[in-house]
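Below you'll find the structure, written out as structure tokens, and then a few comments.
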Amino acid sequence: MKTSVIKMVVLMALLSLSVSCNDVKKDDFKVWAWLAGRTTMSEEQLDHYFSEAARAGIDAIILECHGARPEVIGDSASFRDDAAILILEKAAVYAKKYDIELHAWMWTTNRAELSLRKAHPEWYQVNAQGESCADIKLYNREHYRFLCPTRPEVMEYLKERVREIAQIEGLAGIHMDFIRYPDVILPYRLQESRGVVQDRVYPLWDFCYCDVCRAAFKAQTGVDPVEIEDPTSDEAWMQFRYDRMAEMASAIAAEIKACGKVASSAVFASPYESKKLVRQDWANFRNHDYIFPMIYHRFYFEEDEWVETATREGVEALRAAGNDAVLCSGLFVGHVPADRIEEFIGYTENGGSAGICFFSMEEMEKREGYVDSLRIVLEKTRLSD
């Protein structure tokens with residue numbers, strides 16, 4: 001009799017512990033959204049976006065403060081990003097009003113500001129044909145101008161951008177985007193729209209072969225990468241580039257955290273695709289609180305269930321690398337119908353994601369009833385926790 005009672009008590013304790021653990025997991029499931037920012041956004045526009053985010057049940061907004069067409073205020077030669085500061089300061093008022101976390105969305109290696117290109121053209125990446133992306137328009141995109149991760153002066157420049165926006169009152173974190181090389185291969189659906197054929201790696205899109213990268217690799221291996229017959233098949237040269245970008249991402253994230261802010265990065269969809277398409281080994285991005293793989297599945301000609309597969313692969317890759325960053329799956333609103341939001345959130349949860357991030361608030365606004373659908377799903381999910 002006593003043995004039975006003891007077994008019952010232990011069983012009830014285990015059940016209680018199980019429920020508690022599940023509650024913690026679901027309570028920690030966080031909902032985010034990316035939002036483009038501009039200095040010209042009115043108070044009414046900001047109030048609208050943040051109030052709609054709050055109504056939907058979104059916990060955090062990642063606000064773009066430096067993008068493809070960086071705005072310039074005052075003396076651009078100083079490199080101080082006054083436009084980004086103004087964008088964030090204006091938004092912080094509404095983030096506080098609606099109790100939403102505000103994270104600064106900062107373009108990182110992709111820096112298109114004309115003042116920087118004129119002052120330091122040598123900082124920009126060079127392709128296998130010897131052409132600098134400071135001079136050519138990759139994929140016919142004016143803003144595709146990528147800085148070299150091997151150069152210490154580039155690292156310091158980006159850390160300074162972090163330090164200046166980290167001073168903004170009410171800012172919770174800094175989010176790095178474009179922390180990668182240019183697309184050596186575009187996501188498959190985009191190749192047709194950009195008018196390119198990428199059945200293999202072509203020298204035009206293969207970066208970086210600048211003097212600093214070449215010298216660093218030669219010092220490490222004794223080989224000049226321009227002399228490698230098939231650079232893509234050379235493991236040492238591929239690893240060199242993975243490592244340089246991971247080191248940059250890790251160092252900038254450390255700077256963000258040293259400023260007392262949450263550090264995160266947006267990365268390509270899965271560990272495999274990221275390394276293949278943009279030389280991005282994000283499982284080894286250290287000092288991060290969050291990693292946001294952009295699992296925009298239709299750009300890869302993948303079925304809906306791939307959202308779960310890619311999420312799981314990302315979680316497993318982080319753990320295998322001993323990386324304690326929290327993974328939050330990024331979803332493209334145009335790929336997630338309003339009546340299937342719950343299903344897609346289920347894919348991310350089943351894959352092990354600790355949150356979800358929608359691209360973007362603007363895309364939600366374009367689709368009638370989308371915010372209401374998200375609100376209903378999140379209310380239902382949170383009531384069942």
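Quick note: the coordinates plus some simple rules give every number you see, no bench work behind them. All of these numbers come straight from a predicted model, not from anything done at the bench. Quick reminder, even Gly has a Cβ in these numbers, built from the backbone with ideal geometry, and neighbours come from all protein chains shown.
Quick look at the numbers
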{"item": "Given charges at beta-carbon only (K, R positive; D, E negative), |dipole| of the chain in Debye", "result": "560"}
{"item": "Cα-based shape type of the range 138-247, given that a ≥ b ≥ c are square roots of the gyration tensor eigenvalues and the cut on a/c is 1.5", "result": "oblate"}
{"item": "Sites Ala216 and Glu122 - FRET efficiency at Förster radius 22 Å, r taken between beta-carbons, to 0.05", "result": "0.90"}
{"item": "Helix-only mean residue ellipticity at 222 nm for the chain, each DSSP H run of n ≥ 4 adding -39500 (n - 2.57), per residue, nearest 500", "result": "-14500 deg cm²/dmol"}
{"item": "Under the span-like rule (Cα at least 24 Å along the axis, Kyte-Doolittle mean at least -1.0), DSSP H helices of the chain", "result": "2-27, 235-258"}
{"item": "Top positive-direction residue, dipole computed over the chain with Cβ charges, set Leu318, Trp107, Ile174", "result": "Leu318"}
{"item": "Given charges at Cβ of Lys, Arg, Asp, Glu: the range 89-147 dipole, positive-most of Ala95, Val126, Ile136", "result": "Ala95"}
{"item": "Simple label model, 7 Å out from Cα along Cβ direction - Ser115 to Arg298, nm", "result": "4.0"}
{"item": "Most mobile of Arg241, Arg319, Arg279 in a GNM of the chain (Cα contacts under 10 Å)", "result": "Arg319"}
{"item": "Ranking of Leu147, Leu138 by count of other Cβ atoms within 10 Å, fewest first", "result": "Leu138, Leu147"}
{"item": "The chain: antiparallel DSSP beta bridges as a percent of all, rounded to 5", "result": "10"}
{"item": "Separation of alpha-carbon centers, the range 95-167 and the range 335-385, rounded to whole Å", "result": "31"}
{"item": "Total charge dipole magnitude, the range 262-307, about the Cα centre, Cβ charges on Lys, Arg, Asp, Glu only, Debye to nearest 20", "result": "320"}
{"item": "Within the range 47-111: Cβ-based charge dipole about Cα centre, in debye rounded to nearest 20 (Lys, Arg +1; Asp, Glu -1)", "result": "60"}
{"item": "Relative contact order of the range 46-171, pairs being alpha-carbon contacts under 8 Å that are 6 or more residues apart, as %", "result": "28"}
{"item": "Whether the range 185-305 is rounded, prolate or oblate, judged on the alpha carbon gyration tensor where a/c under 1.5 counts as rounded", "result": "oblate"}
{"item": "Mean Cα-pair separation over length for the chain, i.e. relative contact order, pairs under 8 Å, 6 or more apart, %", "result": "17"}
{"item": "Cα gyration tensor shape of the range 113-197, rounded if a/c is under 1.5, else prolate or oblate by comparing a/b with b/c", "result": "oblate"}
{"item": "Selected from Lys96, Lys159, Lys261 as most flexible by GNM, with the chain as the system and alpha-carbon contacts under 10 Å", "result": "Lys96"}
